[in-house]
Amino acid sequence: MKNFLESWDSRAQAMGEKNVILFLDYDGTLAPIAPNPSQAILPQENKELLERLVKIPRYQVVIISGRALVDLKQMVAIEGIIYIGNHGWQIEGSSMHFESLIPVQISSIMQKIKYELITELSEIQGAFMEDKGVTLSVHYRLVARDKELLVRRIFDHICRPYQRLNMIRIQAGKKVLEIRPPIEWDKGKAALWLLRKQEILKGKGSTLSIYIGDDSTDEDAFEALRHIGITVYVGQSRSSASQYFLEGPQEVTEFLKHLVYGAYEKL
């Protein structure tokens, strides 16, 4: 993979005056990873850059995250952005609202799993459950290192039987274990769905997608968009399906500056 900042001038020239739909993950991309999700505050510089970017007609900014939609909107709080929460299960913005309906049986099973996990993990300091409505997350970033394996063992013991019966799907992230409904839907499918809607509005082939994310859950989008858009992994690892990388959130900020100031230079 090449560094996206080093390649940007040539990519910007090649994309010409196309409309751009910019997908940005939140935690680890726009905001540094924090021990607790509530502490992952959007840097003021990034907020100001996004506020300027949404005013440039050729750009549609999309924040896509595993966070619950209401949480994501509160953390960013910028008008004109399309918000995608719960790994694509909730979409809101630009006069649209999408929320997948989960069968009652699956919702009941997930609630049962939730209370089993809360009970079993209650004695492990630092482990906590996050109920995001459509999905569940077990966070263990604050757990002592010698207890992390115990968290994963408890999680597997409770969740694997349901997974084997195709009642849930499991996804591991950065110090988080996630439980989703057993339906083929993820960040990649949500990004494609939104890209197609944009092309219906603005014409096929008129829109370029740029997707930037740092987590294993973003790999679905990298795979979905790799031949039709630009994909960028944020972090030190090079084992990704993305085409480019950025070293960390600080380089994401630099990229946003390229977009904003480059656009204003043309006005």
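The values are calculated or read from the model by the stated rules, or taken from the named source; none is laboratory data. Note that the coordinates shown come from a computational prediction; the quantities given were computed from them, not determined experimentally. Cβ sites come from the backbone with ideal geometry, for glycine too, and all protein chains shown count toward neighbours. Note: areas computed on protein heavy atoms with side chains; ligands, DNA, RNA excluded. Shrake-Rupley method; radii C 1.70, N 1.55, O 1.52, S 1.80 Å.
Here are the numbers:
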{"read-out": "Given (1) open to solvent by 40 Å² or more (accessible area, probe 1.4 Å); (2) assigned to a loop (DSSP other than H, G, I, E, B); (3) under 22 Å from Gln90 (Cβ atoms), number of the condition Asn166 does not satisfy", "value": "(3)"}
{"read-out": "Candidate set: the range 22-40, residues that are hydrophobic (A, V, I, L, M, F, W, C) and modelled with pLDDT of 95 or more; chosen: the one farthest from Leu142 (Cα to Cα)", "value": "Leu22"}
{"read-out": "Elements of type helices (runs of 4 or more DSSP H) contained in the range 183-267, each with 3 or more residues being of a type in the set (A, V, I, L, M) and under 17 Å from the mean Cα position of the chain (by Cα)", "value": "187-202, 219-225"}
{"read-out": "Residues located in the range 135-149, provided they are open to solvent by less than 60 Å² (accessible area, probe 1.4 Å), in contact with a Phe, Trp or Tyr (Cβ under 9 Å, 6 or more places away or on another chain) and either more than 18 Å from Gln171 (Cα to Cα) or without any contact (Cβ under 8 Å) to a residue 60 or more places away in the chain (or both)", "value": "Val138, Tyr140, Glu148"}
{"read-out": "Of all residues in the range 172-224 being in contact with a Phe, Trp or Tyr (Cβ under 6 Å, 6 or more places away or on another chain) and touching a residue at least 40 places away in the same chain (Cβ under 8 Å), the one that is nearest to Val20 (Cα to Cα)", "value": "Tyr211"}
{"read-out": "Those residues of the range 17-41 which are without any contact (Cβ under 8 Å) to a residue 60 or more places away in the chain, in contact with a strand residue (DSSP E or B) (Cβ under 9 Å, 6 or more places away or on another chain) and surrounded by fewer than 21 Cβ atoms within 10 Å (Cβ to Cβ), in sequence order", "value": "Ala34, Ala40, Ile41"}
{"read-out": "The range 208-267, residues that are open to solvent by 20 Å² or more (accessible area, probe 1.4 Å) and either in contact with a His (Cβ under 9 Å, 6 or more places away or on another chain) or small (Gly, Ala, Ser) (or both)", "value": "Ser216, Asp220, Ala224, Ser237, Ser239, Ser240, Gly262"}
{"read-out": "Number of the condition not met by Gln198 [criteria: (1) of a type outside the set (A, V, I, L, M); (2) surrounded by fewer than 15 Cβ atoms within 10 Å (Cβ to Cβ); (3) out of contact with any Lys or Arg (no Cβ under 8 Å at 6 or more places or on another chain)]", "value": "(2)"}
{"read-out": "Single residue of the range 42-56 satisfying the filter (in contact with a strand residue (DSSP E or B) (Cβ under 8 Å, 6 or more places away or on another chain) and in a loop (DSSP other than H, G, I, E, B)) that is nearest to Glu199 (Cα to Cα)", "value": "Val54"}
{"read-out": "Boolean, Glu79 is open to solvent by 70 Å² or more (accessible area, probe 1.4 Å), farther than 28 Å from Asp156 by Cβ and assigned to a helix (DSSP H, G or I)", "value": "no"}
{"read-out": "Candidates Ile124, Ile109, filtered to the one that is open to solvent by less than 60 Å² (accessible area, probe 1.4 Å), outside any helix (DSSP H, G or I) and aliphatic (A, V, I, L, M)", "value": "Ile124"}
